[in-house]
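The structure appears right after this line, and notes come after that.
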Amino acid sequence: SDDNYIKQSTYALRYTHGFNLGGKTIGLGFAIPYTYLETQGSDLFTNALGDKTNGLSDIVMSATYWYINDKKNRDYLASTITLALENGEYDKSNPNKLNPGENRYKATFAIGYITKISNNFIIELVPEVGVYSENKTTQTKQNPSYALSSSLRYKPNSKYELFLGAQENYQGNTTKQGISQNNEESYEKYSLGAIYYTDKFNQWMIRAATDTNKEFGTKTKDEILLRYRWWF
């Protein structure tokens, strides 16, 4: 509810490396996140989840293969596989409390297509599917989830970029100790943001996002992402 909520701050260090193989571009990467979680609201809510916690979240590894990588015409087609490891901090003796890790593996497969529709406008479409291993501590299993992301980007010059995004999500049903939770649902996520390139090797990005029409699980109300990228 609006009175009971979880405040989350995550800081991540990500490294990516791209190279050519057989005339195609391949990118490999991994991200190390560290998360702070804090509950706000009634005593019943905070007692159920705990006041606060912090620790290492699940490390994420990724691999991307570009079928089309035409920078001149701004035309791209690529597929990406990501894997979130089961190594984040998780209190198995009290799994209902706040935990930075999820105690399960997560894998996603996505295909992204980006192309220009005019000299200043770029459109992006990304369908993806996510699969999950079992959380053996709570005996929780989740069916696959699906998403379709789209964004419209406006790039008036080489320094600035503005974008609007929309994502349609389908969350698969979960079972806990063999009992169906009947929590499958569809919901939307909307975002807007801006990118600033300080020079050829530095980039700043800010993005705001929110979930809508979500009834089950944690609903993201106010999400702010700040990212700095450095090419070397």
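A short reminder: the numbers here are calculations on the coordinates, not readings from a lab. Note that the coordinates shown come from a computational prediction; the quantities given were computed from them, not determined experimentally. With ideal geometry, Cβ positions are generated from the backbone for all residues, glycine too; neighbour counts draw on all protein chains shown.
Taking the Cα centre of the chain as origin, work out the dipole magnitude from +1 charges on Lys and Arg Cβ and -1 charges on Asp and Glu Cβ, in debye rounded to 20. Can you show the working numbers first?
Numbers: 26 positive and 25 negative charges, 198 e Å.
Its charge dipole is roughly 940 debye.
Within the chain, which is the longest segment containing none of the trypsin sites (Lys or Arg not before Pro) that sit in a DSSP loop and have at most 11 other Cβ atoms within 10 Å?
Maximal segment without exposed cleavage sites: 1-70.
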For this session: Determine the gain in length on full extension of the stretch N96-Q181; use 0.36 nm per residue of separation and subtract their C-alpha separation, reporting nm with one decimal.
Result: 29.0 nm
Problem set entry | Convex hull projection area averaged over all views, region 1-49, Cα basis, nm² | 5.3
Problem set entry | FRET efficiency estimate (nearest 0.05) - Cβ-Cβ, E188 to N119, R0 25 angstrom | 0.25
For this session: With a cut-off of 14 Å, note down the residues of region 102-140 whose backbone N falls inside the zone around a label point 7 Å from the Cα of T220 toward its beta carbon.
Result: none
Exercise. By how many nm would the segment from L83 to Q203 lengthen if fully extended, with 0.36 nm per residue of separation less the alpha-carbon distance?
Worked result: 40.7 nm
For this session: Return the Rg/Rh value of region 125-232, two decimal places, where both radii are evaluated on C-alpha atoms and Rh is the Kirkwood radius.
Result: 1.10
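Contour minus end-to-end for Y36 and Y170, with contour as 0.36 nm per residue of separation and end-to-end as the Cα-Cα distance?
On the way: separation 134, 0.36 × 134 = 48.24 nm, distance 2.70 nm.
Value of the extension gain: 45.5 nm.
Rounded to two decimals, what is Rg over Rh for the chain when you use alpha-carbon atoms and the Kirkwood radius? Display every interim value, and only then the final one.
Working: Rg = 19.3 Å, Rh = 19.7 Å.
Checking Rg against Rh, the ratio lands at 0.98.
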Exercise. Spin-label point model (7 Å from Cα, Cβ direction): what's the H17 to K71 distance in nm?
Worked result: 2.0
Problem set entry | Taking only Cα atoms of region 139-192, radius of gyration then Dmax in Å | 17.3, 55
Exercise. What ³J(HN,Hα) values, in whole Hz, does the Karplus curve 6.51 cos²θ - 1.76 cosθ + 1.60 give for region 129-144 when θ = phi - 60°, with x put for Gly and Pro?
Worked result: 10, x, 10, 9, 7, 7, 7, 6, 5, 9, 6, 10, 10, 10, 5, x
